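> Pasting in a structure now, in structure tokens, and then I'll have a few things to ask.
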Amino acid sequence: MIQIGVISQLQVQPESLKHGERPFRTYDPSGLCVVPALRLTPNGIIGLQDTWQEILDIHHTDHPRSRNRQINGISFMFTTQYDTLQKRFGPHATPGIAGENILVHSEYTLSLADLTHGVLIRTDEGDILLNNIAPIAPCAPFSRFMLSMSEDPPAWLMKETLQFLENGRRGFYGLVTETAVVRTGNPVFLPTNNKPD
């Protein structure tokens, strides 16, 4: 195993971050809720406050407004991805703004190929494997937010931005087959000995 980082932030989306009707939907990250711990389950995530009060993420199958009724991926990003986003879009691309559940502080720039065998998180209770890793597809509301333009961007710029955010630049999804609690500070590993670039 190779350690690739440490969890630096955990967050949930109690409600959707996209508002309005298509094609005029907007992205608003103000609804994100940073928590010290997350319960990862095959049905989605639950945020845990210091008091152990639970906050159901909108992508959890039990959330009344969830649109995800079958596959409920856990989203994650690496701080190096935010370095890339800030270079392209500016300082408003702050870590966590994309709404991922798990932010990993890492020195590595990881691609989907690096994550073929999953991502392993070492918790107080044991290891949990995020597997079936897939890139998060970028959406138009998030792309417009990243461009931070006061009016709709031209079609060519939207296309270019959506393409730039593909292949994991917007983050990754992973699935778990069992339940585990992860906390800020938990180390994160690749479960193989193949060192990423």
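> Do any GluC sites (Glu not before Pro) in the range 68-149 lie in a DSSP loop with no more than 13 other beta carbon atoms within 10 Å, and if so, which? The partial results should precede the final answer.
Values: sites: Glu100, Glu107, Glu125; in loops: Glu100, Glu107, Glu125.
Here the GluC sites (Glu not before Pro) that fit, given the DSSP loop and packing criteria, are Glu107, Glu125.
> To the nearest 10 degrees, how steeply does helix 79-89 sit against the main Cα axis of the chain, on a 0 to 90 scale?
Taking the Cα atoms of the chain, the angle to 79-89 is about 10 degrees.
> On a full-extension model of 0.36 nm per residue, what is the gain between Trp52 and Arg25, subtracting their alpha-carbon distance, rounded to one decimal in nm? Present the calculation step by step, with values, prior to reporting the outcome.
Details: separation 27, 0.36 × 27 = 9.72 nm, distance 3.36 nm.
Using 0.36 nm per residue and subtracting the Cα-Cα distance, I get 6.4 nm.
> Taking θ as phi - 60°, what are the ³J(HN,Hα) couplings along the range 97-113 by the Karplus curve (6.51, -1.76, 1.60), each to the nearest whole Hz, with x for Gly and Pro?
These are the phi-based 3J(HN,Hα) values: 5, 6, x, 5, 6, 10, 10, 10, 6, 8, 8, 8, 9, 9, 10, 4, 4 Hz.
> Specify the angular offset, from 0 to 90 degrees and rounded to the nearest 10, of the alpha carbon long axis of helix 155-164 from the longest principal axis of the alpha carbons in the chain.
10
> Gain in length, Met158 to Asp83, computed as 0.36 nm per residue apart minus the alpha-carbon separation, to one decimal in nm? All intermediate terms of the calculation are to be shown ahead of the outcome.
Values: separation 75, 0.36 × 75 = 27.00 nm, distance 2.07 nm.
Using 0.36 nm per residue and subtracting the Cα-Cα distance, I get 24.9 nm.
> Using amide H atoms built 1.01 Å from N in the peptide plane, name the residues 5+ places from Val104, or on other chains, whose amide H lies under 5 Å from its own.
Ser8, Met77, Phe78, Thr79
> Where the only charges are on Cβ atoms (+1 Lys, Arg; -1 Asp, Glu), what is the dipole of the range 2-190 about its Cα centre, to the nearest 20 debye? Provide the component values of the computation, followed by the final result.
Working: 15 positive and 19 negative charges, 98 e Å.
Dipole size: approximately 480 debye.
> What is the distance in Å between the Cα centroid of the range 87-146 and that of the range 169-192?
Answer, in whole Å: 10.
> Hand me the GluC sites (Glu not before Pro) from the range 144-175 located in a DSSP loop with no more than 16 other Cβ atoms within 10 Å, in residue order please. Walk me through the numbers on the way to the answer.
Details: sites: Glu151, Glu160, Glu166; in loops: Glu151, Glu166.
Passing both the DSSP loop test and the Cβ count: Glu151, Glu166.
> Please report the antiparallel percentage of DSSP beta bridges with both residues in the range 2-190, rounded to the nearest 5.
On the way: 38 of 41 bridges.
Around 95 percent antiparallel, to the nearest 5.
> Quick check on the exposure proxy: order Asp57, Asp152 from fewest to most C-beta atoms within 10 angstrom.
Numbers: Asp57 25, Asp152 13.
By the 10 Å Cβ count, ascending, the order reads Asp152, Asp57.
Read-outs throughout are calculated quantities, based only on the coordinates presented, and are distinct from any laboratory measurement. As the structure is a prediction and not an experimental result, all values here were calculated from the model. A quick note on method: Cβ atoms are made from the backbone with ideal geometry, for glycine too, and the neighbour counts reach across all protein chains shown.
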